[in-house]
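I'd like to ask some things about the structure below.
The values are calculated or read from the model by the stated rules, or taken from the named source; none is laboratory data. In this text, all values refer to a predicted model and were calculated from it rather than measured experimentally. Neighbour counts are summed over all protein chains in view; Cβ atoms, including those assigned to glycine, are modelled from backbone coordinates with ideal geometry.
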């Protein structure tokens, strides 16, 4: 078994404060990183921001700041949000980091020298919000399908990447590595589009200078996606990090799957760099069945999310409510319901009752019969395959078994120390399995049951009144 693991989030646009969409991907990556550490692996967890591109340049102009000043003001808000959500990343990368820009220029030069970049003229339909070109058939009433904003026509001198050359190598990649595009139901759409044929891609912009300059033509800057995607690779170029490439998983939202499963592997193939193992696209959170996004006025920011029932409840809810890979609909009521019913009633009561009885009557070593009812292999398999909701479902099914066991055995009447030990051993394992999801609460539980000299636990999860 490989003893290293590399997980990434997308790098986010720092054009506003982070919201639930950013939080969802980053918490999921944190859970996966913590889980892999529990398996004894050395883990590298990368997140960061995409500071370049026209969208940032325009937002900075509106704020009467230079793009660098503008992004410098917002980066601390991202770092602060991840701290509040108990995210333990290893590096926060920015596309303005000198080591990243250097790598991007080296790769641009290499791809140019390989004959995969050539000069031409581009005319097309561009959405600045997506930093992407669209065809007429992609549009909805002449608007971007994602942002619902009017599309602009661009005509400019540009450098093209020979994406068309990589149609067959990409189709071969998808066949050879069936989990490269995950989850499975997202794969066919990409394959069908690639089979239709690929057009060469404009990879430079000449109208503004906020980006990485092309090493072979300083009048052009790199297309933001060529620059941004290489963050995953550039972060592993220092000597101690080289062992982590290729990435085990890129976690992304489904709206950027094309960039990560077509452009990205094609760029890597051209540069002669190993391809990541998996790109996993999760669904969107909706709010009244509309995608949560700033541009559409539907936002829940990180502070608002935490304020409902605390950090661990927010983390738990996001990874329990929706199947990872599918869309989920966010509601404050649903979060409170899960907090009160599952965390407070089921887990909280089990910890409270067991610790109080163990303090009163003590425990005696047993053969851990209760623990045998835990479907550990299924939980491990679900987490290896990013099915966080199903893993949590199995853990809470076992918590239900433990609560039924305590009701059935009535240790408050029998004073049976063996029964109490069975429960204590079960709770120790529950705390370990829940530690990636609710790290603060899991640590408190582990602390209560770390020795055989157990004291009654304080209330772990205060009930929240439905507002």
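Residues to consider are 13, 5; find the one that is surrounded by fewer than 22 Cβ atoms within 10 Å (Cβ to Cβ) and under 19 Å from the mean Cα position of the chain (by Cα).
5
Go through segment 306-326 residue by residue and tally those that are crowded, with 18+ Cβ neighbours inside 10 Å and more than 17 Å from the chain's Cα centre (by Cα).
The number of residues fulfilling the criteria is 4.
Might you check whether a residue that is over 20 Å from residue 121 (Cα atoms), in contact with a helix residue (DSSP H, G or I) (Cβ under 6 Å, 6 or more places away or on another chain) and either touching a residue at least 40 places away in the same chain (Cβ under 8 Å) or part of a strand (DSSP E or B) (or both) occurs anywhere in segment 191-205?
Among the residues of segment 191-205, at least one is over 20 Å from residue 121 (Cα atoms), in contact with a helix residue (DSSP H, G or I) (Cβ under 6 Å, 6 or more places away or on another chain) and either touching a residue at least 40 places away in the same chain (Cβ under 8 Å) or part of a strand (DSSP E or B) (or both), which makes the answer yes.
Looking at 88, 36, which one is in the same structural domain as residue 240 (by TED's automatic domain parsing), closer than 23 Å to residue 279 by Cα and in a loop (DSSP other than H, G, I, E, B)?
Result of the check over 88, 36: 88.
Mind checking which residues of segment 435-467 are within 22 Å of residue 24 (Cα to Cα), in contact (Cβ under 8 Å) with a residue 40 or more places away in the chain and assigned to a helix (DSSP H, G or I)?
Within segment 435-467, 439, 440, 441 meet the criteria.
Taking the options 244, 216, 280, 208, name whichever one is on the phi < 0 side of the Ramachandran plot and modelled with pLDDT under 95.
208
Which of the residues spanning segment 327-362 are under 15 Å from residue 419 (Cβ atoms) and buried (at least 21 other Cβ atoms within 10 Å of the Cβ)?
Listed by number, the residues that qualify are 350, 354, 355, 357, 358.
Out of everything in segment 404-415 that is in contact (Cβ under 8 Å) with a residue 40 or more places away in the chain and buried (at least 18 other Cβ atoms within 10 Å of the Cβ), what residue ends up being nearest to residue 347 (Cα to Cα)?
406
Looking only at segment 59-85, how many residues end up being part of a loop (DSSP other than H, G, I, E, B) and over 20 Å from residue 24 (Cα atoms)?
Count: 4.
Another question, if that's okay. Residues to consider are 125, 74; find the one that is buried (at least 17 other Cβ atoms within 10 Å of the Cβ) and in contact with a strand residue (DSSP E or B) (Cβ under 7 Å, 6 or more places away or on another chain).
Among 125, 74, only 125 is buried (at least 17 other Cβ atoms within 10 Å of the Cβ) and in contact with a strand residue (DSSP E or B) (Cβ under 7 Å, 6 or more places away or on another chain).
Quick one: residue 259 ticks every box in (1) part of a helix (DSSP H, G or I); (2) more than 18 Å from the chain's Cα centre (by Cα) bar one, so which box is it?
The one condition residue 259 does not meet is (2).
Being assigned to a loop (DSSP other than H, G, I, E, B) and in the same structural domain as residue 162 (by TED's automatic domain parsing) narrows it down to one residue among 363, 273; which is it?
Unique residue meeting the criteria: 273.
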